[in-house]
Amino acid sequence: MDSFTYYMPSRLIFGAGKLDELATTPWFPWKKALLVIGAGGAMRRTGLVDRVVNLLSSRGVEVIVYDKIRPNPEVEQVEEGARIARELGCEVVVGLGGGSSIDSAKSIAMLARNPGHYWDYIATGTGGKKKPLNGALPIVAITTTAGTGTEADPWSVQTNPATKEKIGWGEDCAFPTLSIIDPELMVSLPPKQTAYTGMDALFHSVEGYLATCHQPGSDLYALDAVSRIAKWLPVAVKDGSNIEARSQMAWANTEAGIVESLSACISHHSLEHAISAFYPEVAHGCGLTMLSVAYFTDVAERNPARFEDLARAMGEDTSVLPAEQKPFAFITALKKLIAAAGLEDEKFSKYGIKKSDIPALAHNALTAMSGGFKVTPVKQEQADVERIFARAYS
């Protein structure tokens, strides 16, 4: 067995109705909070902002709301949020919403304690590769989607529009101190967003299982998450009010976040980040899904190890298949899930992505998110990445 490091310090409060514990939990000792939410207004329309503010106010916490985070968040908002947190003396940053808001809360919390610009701390692409020597403000995550797993990992993804780079950043200081995962907060998520986020959680688990840095703990969480998502995502898409389906997806998503903490995403995510850096209107989970069949077919053809495990986790009976077909049962299961989640009609051309973009997309993936290629179980260079993009486009 290989050596490894297991570190997952976030305290998780999980279950339907658990948001109310924000008023009473002893694990929230701060008195001034920056509440980070999306710019679309969904958190206000559903009453969640007022609810969180009231819960915190009941325990004497002053709350400042920052509501400018975009679906594919950008560095400008991180820098503005960090300035506000510094100037107003905020002691904690609370992210409320999906991955964009919670990721941004992490980045804001780090920059509030460190000098310079956010991109100074990005480790790949055109980033400055600095370390945040002053750590970060404490972070609290309240997730309203089952997709990114950001409540259980140290990662934050931000886009730099000036360079067309969408890059993940993560340090130990960016693990949430406290995360509340309440499936009741997810019932209003529309079917399409439920599908996109659920597929993102699936791919975090699949990639973490295939990554060369996987470990026993990440393997257990990954296979369990894959199994739950294959069974429950179609149910949640069909009936968003099904609290059992929402709970199963919420836990699978959190498991997927733990997988990201103990293992890593591979280059599938690098390729998608290039797409949504060039075309920000493409939802992350949608981009991953459009790439997925071509991407994983290409990897399985070159290194079939571990794919059969994933197929079995998704419910495929591989015992009846010839040995050479067993790994590709995962592709069969993946196609079934994409169809059951209502995403089989998603195509690159629908979003204006052109075949002529492929060389630039491949170069961006290889440079901006180079880390994903280091843990991918096959070697991938420009020609390999272009081939995958071309297969996915067709």
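The values are calculated or read from the model by the stated rules, or taken from the named source; none is laboratory data. Please read these numbers as outputs of a predicted model, since none were measured by experiment. Using ideal geometry, Cβ is built from the backbone for each residue, glycine included, and neighbour counts are taken over all protein chains shown.
If I ask for residues that are under 15 Å from ALA105 (Cβ atoms) and modelled with pLDDT of 95 or more, which ones from the range 49-72 would you list? Result: VAL49, VAL52, LEU56, VAL63, ILE64, VAL65, TYR66, ASP67, LYS68, ILE69. When GLU151 is tested against (1) touching a Pro at 6+ places or on another chain (Cβ under 7 Å); (2) surrounded by fewer than 21 Cβ atoms within 10 Å (Cβ to Cβ), only condition (2) is not met. Scan the range 361-394 for residues that are surrounded by fewer than 14 Cβ atoms within 10 Å (Cβ to Cβ) and either touching a Gly at 6+ places or on another chain (Cβ under 9 Å) or modelled with pLDDT of 95 or more (or both) and the total you get is 6.
Counting only strands (runs of 3 or more DSSP E) that sit wholly inside the range 129-230, those with at least 3 residues that are closer than 23 Å to LEU55 by Cβ are 139-143, 178-181. If I filter the range 58-71 for residues that are polar (S, T, N, Q) and either within 23 Å of the chain's Cα centre (by Cα) or part of a helix (DSSP H, G or I) (or both), do I get at least one hit? Looking for residues that are polar (S, T, N, Q) and either within 23 Å of the chain's Cα centre (by Cα) or part of a helix (DSSP H, G or I) (or both), one finds none in the range 58-71, hence no. Being over 15 Å from GLU272 (Cα atoms), out of contact with any Leu (no Cβ under 6 Å at 6 or more places or on another chain) and not basic (Lys, Arg): is that true of LEU366 here? Criteria not met by LEU366. As a summary of the residue check, CYS90 satisfies the conditions (1) outside any loop (DSSP other than H, G, I, E, B); (2) surrounded by 24 or more Cβ atoms within 10 Å (Cβ to Cβ) except for the one numbered (1). Of all residues in the range 316-329, those that are of a type in the set (A, V, I, L, M) have Cβ atoms under 6 Å from Cβ atoms of residues that are assigned to a helix (DSSP H, G or I) and surrounded by 10 or more Cβ atoms within 10 Å (Cβ to Cβ), 6 or more apart or on another chain, in ALA329/ALA311; ALA329/THR318. Within the range 72-83, can you find the residues that are surrounded by 15 or more Cβ atoms within 10 Å (Cβ to Cβ) and either assigned to a helix (DSSP H, G or I) or among the hydroxyl-bearing types (Ser, Thr, Tyr) (or both)? Within the range 72-83, VAL75, GLU76, GLN77, VAL78, GLU79, GLY81, ALA82 qualify. Here's a check for you: in the range 72-103, which residue that is charged (D, E, K, R) and touching a strand residue (DSSP E or B) at 6+ places or on another chain (Cβ under 6 Å) is nearest to GLY127 (Cα to Cα)? Checked the range 72-103; the qualifying residue nearest to GLY127 (Cα to Cα) is GLU74. Select from the range 78-91 the residues that are over 22 Å from the mean Cα position of the chain (by Cα) and not charged (D, E, K, R) and list them in ascending order. Residues satisfying the conditions are ILE84, ALA85, LEU88, GLY89, CYS90. Checking each residue in the range 10-27 for being closer than 25 Å to ALA256 by Cα, in contact with a helix residue (DSSP H, G or I) (Cβ under 8 Å, 6 or more places away or on another chain) and outside any strand (DSSP E or B) picks out SER10, GLY15, ALA16, GLY17, LEU19, ASP20, LEU22.
Only one of the listed residues (VAL36, VAL49) is part of a helix (DSSP H, G or I), assigned by TED's automatic domain parsing to the domain that holds ALA109, in contact (Cβ under 8 Å) with a residue 24 or more places away in the chain and in contact with a strand residue (DSSP E or B) (Cβ under 8 Å, 6 or more places away or on another chain). That residue is VAL49.
Out of (1) hydrophobic (A, V, I, L, M, F, W, C); (2) over 19 Å from PHE28 (Cα atoms); (3) part of a helix (DSSP H, G or I), what's the single condition that is false for ALA105? Here ALA105 meets the rest and fails (2).
Taking the listed residues PRO280, PRO304, PRO322, the one that is surrounded by fewer than 19 Cβ atoms within 10 Å (Cβ to Cβ) and in contact with a Ser or Thr (Cβ under 9 Å, 6 or more places away or on another chain) is PRO280, with no other qualifying.
The residues of the range 380-389 that are of a type outside the set (Val, Ile, Thr) and either touching a residue at least 40 places away in the same chain (Cβ under 8 Å) or in a loop (DSSP other than H, G, I, E, B) (or both), listed by number, are GLN380, GLU381, ASP384, ARG387, PHE389. Take the conditions (1) aliphatic (A, V, I, L, M); (2) under 12 Å from the mean Cα position of the chain (by Cα); (3) under 25 Å from PHE373 (Cβ atoms); ILE102 misses just one of them, which is (3). Filter the range 270-322 down to the residues that are more than 30 Å from ASN160 (Cα to Cα) and part of a loop (DSSP other than H, G, I, E, B) and list them by number. Across the range 270-322, the qualifying residues are ASN303, PRO304, ALA305, ARG306, MET314, GLY315, GLU316, ASP317, LEU321, PRO322.
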